[in-house]
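Please treat every number below as a calculation from the coordinates, not as lab data. Fair warning: this is a prediction, and the values are worked out from it, not measured in the lab. Reconstructed Cβ throughout: ideal geometry from the backbone, glycine too, with neighbour counts over all protein chains shown.
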Ligand SMILES: [Ca+2]
Ligand SMILES: [Ca+2]
Ligand SMILES: [Ca+2]
């Protein structure tokens, strides 16, 4: 029963009862929990590694391949220097080398490109040639030999020419006679010599060496020779061969001076 307080206002007991219906619940949205902790700081390098892991793997692989190739190159050069390089080509002068010091000497032309020293280059029967000199020149056979080997064409060094047949002899002679520096009586060094065995003439043939074409006073069977009448005569000490302006050959001192020499390239 309600009583009145002294001020005449209703007491708590007089308030209406609470509404028994449940309070409707909001649904479908839950606000994110508020956090005041700062977001975790990722190490920059760690993040980079995670994001670029595939790129890094690829870069490592490419680096590995490059390193392997460089090592094999170094080993190849070392092998060539030691004479343990790849086998020679069919003519003994293959690009892979072999033959130690000789191979190293051969290989240099593959790196230095052409070295022709201004003289024209002529193609004949699959090889190339230079006719070097002039009426003013004074060149010993040894100087000519070293000069020829210092030249490069088509990735191979030159050498004092090997004259395989009458046609090649005629080709070389024609080029010497047509040379602007040619004068009557000039001659040119070719690659023939009998320095190893007196009376046994062989061609330098670049680094093949040792292909004998003349011995015991006559040409080897099947080989070409074009010595002049009465030659070779070993008149004093004559171990190197020149081509006269007639196209015929003469053995003469390797340290006499001539006006021309013939350079051949196996390319
Ligand atoms: Ca030749
Ligand atoms: Ca001789
Ligand atoms: Ca002679």
Each label sits 7 Å from Cα toward the beta-carbon; between residue 234 and residue 211 the label points are separated, in nm, by 2.5 nm
For the pair residue 117 and residue 43, the simple spin-label estimate (label points 7 Å beyond Cα toward Cβ) gives in nm 6.5 nm
By the mean-Cβ-within-10 Å protection proxy, highest first, 235-245, 210-220 rank as 235-245, 210-220
Relative contact order in percent for the range 122-265 (Cα pairs under 8 Å, 6+ apart) equals 36 percent
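Provide 59, 176 in ascending order of the number of other Cβ atoms located within 10 Å of each residue's Cβ, fewest first.
Details: 59 11, 176 23.
Lowest count first: 59, 176.
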Assertion target for 129, 111, ordered by fewest C-beta neighbours within 10 angstrom first, is 111, 129
Label model pair residue 59, residue 142: point-to-point distance (7 angstrom along the Cα→beta-carbon line) in nm is 5.9 nm
Expected sort for 139, 131 with the fewest Cβ neighbours (10 Å cutoff) up front is 139, 131
Using alpha-carbon positions, the gyration tensor of the range 122-265 gives root eigenvalues a ≥ b ≥ c; with a/c under 1.5 called rounded, otherwise prolate if a/b exceeds b/c, else oblate, the class is rounded
